[in-house]
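Each remark here refers to the structure printed beneath this line.
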Amino acid sequence: MDIKTLEAAATWYVQLNDGTVNEARQRAWHTWLHASPQHAAAWTRVEILQQQWSKMPRQAALSSLGAAKAQRRDVLKILSMLVAVGGCSWLAVEQVPYRSMLAELSTGSRERRSLRLEDGSQLEMNAGTALDVHFDATQRQIQLYRGEILLQTAKPADPRPLVVQTVDGNVRALGTRFSV
């Protein structure tokens, strides 16, 4: 969902709740709402935000909006700002690879690391690398979020496949030395 869609939903919300709603405006809003699933999702977000806003004590809400002097345009600006902040937060969480910040193993911008994995494979991590290692009964998996690795796999006696997953695809090791 993009910011413009969220702003449009906020604008519609203010227009439909400003006390001057007419049938033409209702039809136009209805057309906009059903034109795209993103519109419906944005509308739902704005309604949730409004429900949360309405839980604030009335006096606190009024003082936040500049008391009774808040004009329709001011309310629209504030609501648009809140929707934009919420949208940016959503983009930060959904679009930015935040998982790399929470990775199990990582190296700094000038750091390299060498480790032996529990299956005996040798892993060399280059600078700026972030990854998670998951070994279970059925497979050995390395989730590479960023950076690069050099992997010398353990002897092929381990029947579990060794898979390196990246944003661009998966690599299945065949008992070799390779870099990703």
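Observations, loosely collected:
- Which listed residue is acidic (Asp, Glu), modelled with pLDDT of 85 or more and over 30 Å from GLN15 (Cβ atoms), from GLU148, GLU104: GLU148
- When the residues of the range 120-159 are filtered to those that are surrounded by 16 or more Cβ atoms within 10 Å (Cβ to Cβ) and β-branched (Val, Ile, Thr), the one that is farthest from ARG110 (Cα to Cα) is THR153.
- The range 107-119: number of residues that are part of a loop (DSSP other than H, G, I, E, B) and either charged (D, E, K, R) or exposed (fewer than 12 other Cβ atoms within 10 Å of the Cβ) (or both): 7
- Taken over the range 1-55, the criterion of being farther than 14 Å from ILE78 by Cα and touching a residue at least 60 places away in the same chain (Cβ under 8 Å) is satisfied by MET1, ASP2, ILE3.
The values are calculated or read from the model by the stated rules, or taken from the named source; none is laboratory data. Here the structure is a predicted model, which means the values were calculated and not measured. FYI the Cβ positions are ideal-geometry reconstructions off the backbone, even for glycines, and counts take in every protein chain you see.
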